Amino acid sequence: MKTQNQIQQQAEIHLLEAAKEFQKCMQCGKCRSVCPVFKELGNELYVARGKNKLAEKIVSGDLQITDRVKDAVNECLNCKACSANCPAGVSPEHVVLRLRWYITTREGLGFFKALIFRQMIWRKWPITLAAVIIGITQRALFGIGPKNPVRYLFPLFGFSKRRFFPAMALRSGQSLYPETNPPRKGPAKMRIGYFTGCAGNLIYTNVVKSVVDILTCYNYEVIIPENQKCSGTPVLANGDYEGARMLMQHNFDLFQQYELDAVVVACSSCGMALKKEIKLFIADSSELREFCSSVFDINEFIDKNIDFKDEDLGKLPYRVTYHDPCHMVRGQGISAEPRNLLKKIPGIDFREMKDADVCCGSAGSYCITHYDTAIKINNHKVKNIQDASVDIVATACPTCVMHIQDNLLQHESQEKARYVVEILADSLRAAGTIQT
Ligand code: SF4
Ligand code: SF4
């Protein structure tokens, strides 16, 4: 238990770190032209320049934390469009995160966030059990269709009743496999740790299957550490610095125990957390640097390491475009690799869409807490997908898949949102390269 003095010190650190960033701001306003939230809502407090000013006033003591301040701090997608385009090199999203951590450190987490982050996510089994119960309920009792009366209960849990949810898995992705998965034939080229992320584990289990099937088929040994927990991404984004630190430290210590050659991740936000954000929580060391540089997004890893022969890949007759998740393109600098993989698949007609790298509005829990704005932002994405005339929008982030698919259904549009790695596994199955 931390003393009041320690809590105060931690809060001060967050403000000092925020100050290091916002002091660089020249107030030029260039961020206004790229911020998706500002584009929809037009409020200066929601754009990076306004948030920097807000943070400056808080640090100088001229502004108290009011509901208006909290509202402004929560209106950010952490999409990094502002930092990618800032001439002064400011990272406003880090100012936002520090302010969120500052507010929570001072005011506490509150009952629901403490329950979800410090109990359900931290202990893991409660969130796994909850997902299975929801999965059974979705299928057996109510279904998940648009005419479902249970939708009227969604607002009680903070969800819009319009929302389409993906079906939760009845069996977690991690439970489908043993901890150690040997290469299919011959000696292992590398020993790879697989960080599944909560969405892969509890919702998109076909992604877990695709990753394991592809890697073991190409003679990699795949280790799925049983005790892995959430990467900390939703926890840190919702203001819980200490909760995120506990999760990062746990996963770092756990993966260290396996003597891995690399760690792969199939979620852009988890990848960014394990490569970069972890450094905000764990003290610098050679072990930490080595760990971070051993983490690869699955698209990056496959594109770099697997040389597919023509006969390995079966034909898939789809028109496909690609949506760049923010935490992939700006968070990790990955954009060519998933496109390279898609273009290798015979039969795929790859078509770029307009503004492929603009945020889709999902931003983790933002599309739950700020659904109407998230949908307004996503309407541009849906229009660009429709204009590209495709069957599939491929991407590499679970919340992008979830949010884009939701809004495509709202528009009664036929395109499907899928992971690149799933499409690649389908092609390998079509050629008989993967037998399962
Ligand atoms: S954050 Fe960067 S782009 Fe925005 S006003 Fe400040 S200096 Fe200009
Ligand atoms: S991270 Fe994105 S949403 Fe947040 S202030 Fe910057 S541009 Fe706007």
query = Mind checking which pairs have a first residue in region 82-110 that is closer than 24 Å to Gln8 by Cα and more than 9 Å from ligand 2 (Cβ to nearest atom) and a second that is acidic (Asp, Glu) and not in a helix (DSSP H, G or I), Cβ under 9 Å, 6 or more apart or different chains?
reply = Arg100/Asp240; Trp101/Asp240; Thr104/Asp240; Leu109/Asp240
ask   = Between a first residue in region 13-40 that is within 14 Å of ligand 1 (Cβ to nearest atom) and a second residue that is among the polar types (S, T, N, Q) and outside any helix (DSSP H, G or I), which pairs have beta carbons less than 8 Å apart while being 6 or more apart in sequence or on different chains?
value = Glu21/Ser91
request  = Search region 22-56 for residues being acidic (Asp, Glu) and within 12 Å of ligand 2 (Cβ to nearest atom), and hand back the single one that is nearest to Pro92 (Cα to Cα).
outcome  = Glu44
message = Being under 18 Å from Val265 (Cα atoms) and among the aliphatic types (A, V, I, L, M) is the filter here; which residues of region 386-401 pass it?
response = Ala394, Ala396, Val401
note = For region 191-210, the count of residues that are aliphatic (A, V, I, L, M) and either in contact with a strand residue (DSSP E or B) (Cβ under 6 Å, 6 or more places away or on another chain) or without any contact (Cβ under 8 Å) to a residue 60 or more places away in the chain (or both) equals 3
ask   = What is the one condition in (1) modelled with pLDDT under 90; (2) away from ligand 1 (no atom under 15 Å from the Cβ); (3) surrounded by 13 or more Cβ atoms within 10 Å (Cβ to Cβ) that Glu93 does not satisfy?
value = (2)
query = Under the condition of being touching a residue at least 12 places away in the same chain (Cβ under 8 Å) and either polar (S, T, N, Q) or within 23 Å of Leu77 (Cα to Cα) (or both), which residue from region 427-436 is surrounded by the fewest Cβ atoms within 10 Å (Cβ to Cβ)?
reply = Thr436
key: When residues of region 96-114 are limited to those that are aromatic (Phe, Trp, Tyr) and either over 17 Å from Ser60 (Cβ atoms) or in contact with a Lys or Arg (Cβ under 8 Å, 6 or more places away or on another chain) (or both), the one modelled with the lowest pLDDT   = Phe112
query = Gly200 versus (1) in a helix (DSSP H, G or I); (2) out of contact with any helix residue (DSSP H, G or I) (no Cβ under 7 Å at 6 or more places or on another chain); (3) at pLDDT below 95: which is the lone unmet condition?
reply = (2)
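Can you spot a residue in region 57-79 that is more than 11 Å from ligand 2 (Cβ to nearest atom), closer than 15 Å to Leu16 by Cα, among the basic types (Lys, Arg) and surrounded by 17 or more Cβ atoms within 10 Å (Cβ to Cβ)? Break it down stepwise before answering.
The initial filter retains those residues of region 57-79 that are more than 11 Å from ligand 2 (Cβ to nearest atom), namely 57-71.
If we keep only those that are closer than 15 Å to Leu16 by Cα as well, we get 57-61.
Restricting the remaining residues to those that are among the basic types (Lys, Arg) gives 57.
If we keep only those that are surrounded by 17 or more Cβ atoms within 10 Å (Cβ to Cβ) as well, we get none.
The answer is no, given that none of the residues of region 57-79 is more than 11 Å from ligand 2 (Cβ to nearest atom), closer than 15 Å to Leu16 by Cα, among the basic types (Lys, Arg) and surrounded by 17 or more Cβ atoms within 10 Å (Cβ to Cβ).
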note = Checked against (1) within 16 Å of ligand 2 (Cβ to nearest atom); (2) farther than 15 Å from Cys82 by Cα, Leu16 satisfies every condition except (1)
request  = Would you kindly identify the helices (runs of 4 or more DSSP H) lying entirely within region 327-426 that contain at least 1 residues that are buried (at least 22 other Cβ atoms within 10 Å of the Cβ) and within 16 Å of ligand 2 (Cβ to nearest atom)?
outcome  = 366-369, 371-387, 398-410
query = Name the residues in region 184-243 that are more than 22 Å from Ile127 (Cβ to Cβ), among the hydroxyl-bearing types (Ser, Thr, Tyr) and out of contact with any Leu (no Cβ under 8 Å at 6 or more places or on another chain), would you?
reply = Thr216, Tyr218, Tyr220
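The values are calculated or read from the model by the stated rules, or taken from the named source; none is laboratory data. Since we're looking at a predicted model, the values are computed, not measured. Ideal geometry is used to build each Cβ from the backbone, glycine not excepted, and the neighbour counts take in all protein chains shown.
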